[in-house]
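A.B. asks: A single structure is presented below for examination.
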Amino acid sequence: MVPSRGPPVIWPAAWRAGWCCERARGRLPCGTPPERSDQTHNGSAGEDSAVGAGEARGESEPDARFTFANERTFLAWSRTALALVVGGLAIVQLLAPFPGVPWGRHLIGTPLILLGSAVSVISYFEWRRSERALRCGEPVSRTRLPALLAVTIAVIAMLAAALSLYSAVTRH
């Protein structure tokens, strides 16, 4: 019989910071707090509640709300990736050519398609890393994906503006 799990234990920030430092130095396995090794990060008893290979490695099942939130974030990034790919394809296939710049559509659309594929792959790895941190009771790392997306889209927008201006100037 598996004991019931109580609500997650909320530890003081200084204690959590020490736990992370100890784990980073390799002194503690994932899921083993330094001062209270009789209790895992989710409030359940230590060895008695180990079920399956994940908990034997120090992992435990996180609160379902956090897992679902992580999954919703991954799905939102997937929708963003799909929108970038579709937008890039629409620009390449449907946008009228720039007068005097026949390769202009490809110059704008191709980076959007590539960015969409990169967001898709990176978001999966971000989801997996966050899921692992949740299961090990570690802090969830910050993602660089929003910055990458913002900078790349800004560069593509400036490129589109420059092409539009160049096309207007060469047309007359």
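The values are calculated or read from the model by the stated rules, or taken from the named source; none is laboratory data. Predicted model only: the values in this text are computed from it and were never measured. Backbone-built Cβ (ideal geometry, glycine too); neighbour counts: all protein chains shown.
A.B. asks: So ALA96 passes all but one of these: (1) small (Gly, Ala, Ser); (2) part of a helix (DSSP H, G or I); (3) without any contact (Cβ under 8 Å) to a residue 60 or more places away in the chain. Which condition number does it fail?
C.D. replies: (2)
A.B. asks: If you take the residues of the stretch 148-167 that are in contact (Cβ under 8 Å) with a residue 40 or more places away in the chain and farther than 17 Å from GLY87 by Cα, which of them is surrounded by the most Cβ atoms within 10 Å (Cβ to Cβ)?
C.D. replies: Restricting to residues being in contact (Cβ under 8 Å) with a residue 40 or more places away in the chain and farther than 17 Å from GLY87 by Cα, the top hit is LEU163.
A.B. asks: Out of the residues in the stretch 115-147 meeting the condition of being hydroxyl-bearing (Ser, Thr, Tyr) and part of a helix (DSSP H, G or I), tell me which one is farthest from ASN70 (Cα to Cα).
C.D. replies: Applying the filter and picking the extreme gives SER117.
A.B. asks: Testing TRP127 on (1) over 30 Å from PRO62 (Cα atoms); (2) of a type in the set (Phe, Trp, Tyr); (3) surrounded by 15 or more Cβ atoms within 10 Å (Cβ to Cβ), one condition comes back false. Which one is that?
C.D. replies: Result: TRP127 fails condition (1) only.
A.B. asks: Next question. Residue under question is PRO102, and the condition is that it be at pLDDT below 90, in the same structural domain as ARG79 (by TED's automatic domain parsing) and surrounded by fewer than 16 Cβ atoms within 10 Å (Cβ to Cβ); does it hold? Break it down stepwise before answering.
C.D. replies: Values: at pLDDT below 90: yes; in the same structural domain as ARG79 (by TED's automatic domain parsing): yes; surrounded by fewer than 16 Cβ atoms within 10 Å (Cβ to Cβ): yes.
Spelling it out, PRO102 is indeed at pLDDT below 90, in the same structural domain as ARG79 (by TED's automatic domain parsing) and surrounded by fewer than 16 Cβ atoms within 10 Å (Cβ to Cβ).
A.B. asks: Please specify each residue of the stretch 130-147 satisfying the condition of being surrounded by 19 or more Cβ atoms within 10 Å (Cβ to Cβ), closer than 18 Å to LEU75 by Cβ and out of contact with any Phe, Trp or Tyr (no Cβ under 6 Å at 6 or more places or on another chain).
C.D. replies: Result: SER130, single match.
A.B. asks: Search the stretch 54-93 for residues being in a helix (DSSP H, G or I) and of a type in the set (Asp, Glu), and hand back the single one that is modelled with the highest pLDDT.
C.D. replies: First pass over the stretch 54-93, keeping only residues in a helix (DSSP H, G or I): 54-56, 64-93.
Cutting the leftovers down to of a type in the set (Asp, Glu) gives us 55, 71.
Numbers: GLU55: 52, GLU71: 94.
Restricting to residues being in a helix (DSSP H, G or I) and of a type in the set (Asp, Glu), the top hit is GLU71.
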